[in-house]
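Okay, so here's the structure we're looking at.
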Amino acid sequence: MLKSLMLGAAVVALSVSGLQAAELKFKPGEDAKFTWSSYEEFKNAVDLTGETLTISGPWLGADKDLFMSVIAYFEEATGSKVEYAGSDSFEQQIVIDTGAGSAPNIAVFPQPGLAADLASKGYLTPLSDETKDWMKENYAAGQSWVDLGSYKDKDGAKKFFAFSFKEDLKSLVWYIPENFEDAGYEVPESMEDLKALTEKIVEDGGTPWCIGLGSGGATGWPATDWVEDMMLRTASPETYDKWVTNAIPFDDPAVVTAIEEFGWFARNDKFVDGGAGSVATTDFRDSPKGLFTSPPKCYMHKMASFIPSFFPEGTVLGEDADFFYFPAYAEKDLGKPVLGAGTLFGITKDSKAAEAFIDFLKTPIAHEIWMAQSGLLTALKTANLDAYANDTLRKQGQILLNATTFRFDGSDLMPGKIGAGSFWTGMVDYAGGKDAKDVAGEIQKTWEALK
């Protein structure tokens, strides 16, 4: 949910051209965890000597460096020169550049809504049917990824425009293995099991959950992740898609049910550290601290893959703290849905090099180079799981591969006044005791006022 709030402060234009094989992060042909055959096949098939490719995106800092390390292999394989410009105001700049006819060859979109808007104005080049079919076949839950990158063009025809690369994962519950072991608890395999465990912990005299919605001016967003995950576990993916576009109203019974599912956990004084009244006022960065106290103030904490950044210093993931997949209902035929976010690559100025770079993103090696340095999860089935930098990332990657459905963070797909406005504040009101249908109705009124 936090979108791109911590990307950096400056626009940086960087060329990473001219790297030789010796300067590549990992030497081709060495270390069996990398699928070097995919690199060699791409190298033998593409020659872009003397050509320049321009890419713009949101990545600065560490992510910029990691992306550059991937770019280096494309340059080395093709003989091309790549110029990457990263900006903390990318979303505004790409609109200006495309409108002025000065767009880069490729843009890296942190949200599909922006890509869809540019596609509708004729500023994106459709990707090939071959690439569309490739993604459907080679990404886990492939149709979900095709749908995520498909938008209407300026004539209203739906086409495949954006290639997903570098995913984030939200459907996670964090816990302390030692606490579970001491209490005799097992990781739940279904939502029924998770609810039973919640009740069991209370019966044993403990508190199951730590939940915090506080985030300064963005207070409320953690609850939207809960509701989105619950939508995917109580309604079909098609219903979710209609919800985020307001094809069904925000106060539709399916949405109200999902909000109340969140409330089952968050509005019970016995279930939450500090009681239900603390949920809206506890900062999300402080909320996991209860996991680490002795005795524990809580046993579980639902949050996206970034939350270990706020764990106590020295916490060893996989040992001191671990996670499990936020499970689906066994009684409902909805598979294993995963909620997340990520980036999409679109061609904003077509060229041979631009199309070749999209093809490069299909190679396992393009994913594995970043996987091996941390910070990237992928749904590519042909990427070697052994390439992940650690067991935690590998386990998260496996969750993506096991997904039957993937959906992008719903609030990020909604208009800003909803997804980063009334939805946030409405969840704070709901956590404070307001009726779910009333809250949903108020959010719907805000949406109707935008039409």
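The values are calculated or read from the model by the stated rules, or taken from the named source; none is laboratory data. Predicted, not measured: the structure shown is a model, and the values here were computed from it. In this analysis, Cβ positions are derived from the backbone assuming ideal geometry, glycine residues included, and neighbour counts consider all displayed protein chains. To get the accessible areas, we keep the full protein, side chains included, count just its heavy atoms, and leave off ligands, DNA and RNA. Shrake-Rupley method; radii C 1.70, N 1.55, O 1.52, S 1.80 Å.
Round to the nearest 0.05 the FRET efficiency obtained for Glu192 and Phe310 when R0 = 25 Å and r is the Cβ-Cβ distance. Intermediate values should be presented prior to the final figure.
On the way: r = 30 Å, r/R0 = 1.20.
Efficiency, from the Cβ-Cβ distance: 0.25.
If the chain between Asn138 and Ala183 were fully stretched, how many nm would it gain, using 0.36 nm times the residue separation less the Cα-Cα distance?
Length difference between fully extended and current span is 12.1 nm.
Pairs Lys64/Lys395; Lys297/Lys434; Lys195/Lys437; Lys33/Lys395: which exceed 18 Å Cα-Cα? Display every interim value, and only then the final one.
Working: Lys64/Lys395 24 Å; Lys297/Lys434 26 Å; Lys195/Lys437 23 Å; Lys33/Lys395 16 Å.
Over 18 Å Cα-Cα: Lys64/Lys395; Lys297/Lys434; Lys195/Lys437.
What distance in nm separates the simple spin-label points at Lys434 and Val95, each placed 7 Å from Cα in the Cβ direction?
2.8 nm
Give the accessible area for Ser102 in Å² (nearest 10); use a 1.4 Å probe, count only protein heavy atoms, and leave out ligands, DNA and RNA.
Spelled out: Ser102, probe radius 1.4 Å, area about 70 Å².
Give me the number: length gained by fully extending Lys121 to Glu442, i.e. 0.36 nm times residue separation minus the C-alpha to C-alpha distance, one decimal in nm. Show your work: numbers first, answer last.
Working: separation 321, 0.36 × 321 = 115.56 nm, distance 3.19 nm.
Gain on extension, Lys121 to Glu442, equals 112.4 nm.
Roughly how big is the stretch 181-323's charge dipole about its Cα centre, with Cβ charges of +1 (Lys, Arg) and -1 (Asp, Glu), in debye to the nearest 20?
Working: 10 positive and 26 negative charges, 97 e Å.
In debye, rounded to 20, the stretch 181-323 gives about 460.
In deg cm²/dmol and to the nearest 500, what is the mean residue ellipticity at 222 nm of the chain if only DSSP H runs of at least 4 residues count, each as -39500 (n - 2.57), divided by the residue total?
Numbers: 17 runs with 178 residues, N = 451.
One gets -12000 deg cm²/dmol as the mean residue ellipticity at 222 nm.
Using 1/(1 + (r/R0)^6) with R0 = 22 angstrom and r between the beta carbons of Lys381 and Ala330, what's the FRET efficiency to the nearest 0.05? Provide the component values of the computation, followed by the final result.
Numbers: r = 25 Å, r/R0 = 1.15.
The computed FRET efficiency comes out at 0.30.
With an 8 Å Cα cut-off and a minimum separation of 6 or more residues, compute the relative contact order for the stretch 257-349 in percent.
14 percent.
What fraction of the DSSP beta bridges in the chain is antiparallel, stated in percent and rounded to the nearest 5?
On the way: 27 of 43 bridges.
Approximately 65 percent, going by the DSSP bridge assignments.
Under a 5 Å amide H to amide H cut-off, with H placed in plane at 1.01 Å, what residues pair with Phe161 once short-range neighbours are removed?
Residues meeting the amide H criterion: Leu127, Ser150, Tyr151.
By how many degrees, between 0 and 90 and to the nearest 10, does the Cα long axis of helix 129-138 differ from the longest principal axis of the chain?
Taking Cα atoms only, the helix is inclined about 50 degrees.
Roll a 1.4 Å probe over the protein heavy atoms and report the accessible area of Arg285 in Å², nearest 10.
80 Å²
For the stretch 88-167, report the accessible area per residue in Å² (1.4 Å probe, heavy atoms, rounded to an integer).
42 Å²
Quick one: how many Å² of Leu450 are accessible to a 1.4 Å probe, rounded to 10?
80 Å²
On full extension of the chain, what length is gained from Thr257 through Ser37, given 0.36 nm per residue of separation minus the C-alpha to C-alpha distance?
Extra length available between Thr257 and Ser37 comes to 74.3 nm.
Find the relative contact order for the stretch 159-240 and round it to a whole percent, using C-alpha pairs within less than 8 Å whose residues are 6+ positions apart. Don't jump to the answer; show the numbers that get you there.
Working: 22 pairs, mean separation 12.5, N = 82.
Reported as a whole number, the value is 15 percent.
Cα gyration tensor of the stretch 317-376, axes a ≥ b ≥ c as square roots of the eigenvalues: rounded (a/c below 1.5), prolate (a/b > b/c) or oblate?
oblate
Contact order normalised by length for the chain, with contacts defined as Cα pairs under 8 Å and 6 or more residues apart; what percent is it?
23 percent
Excluding same-chain residues fewer than 8 positions from Lys352, which lysines have a Cα within less than 17 Å of its Cα?
Output for Lys352: Lys43, Lys81, Lys362.
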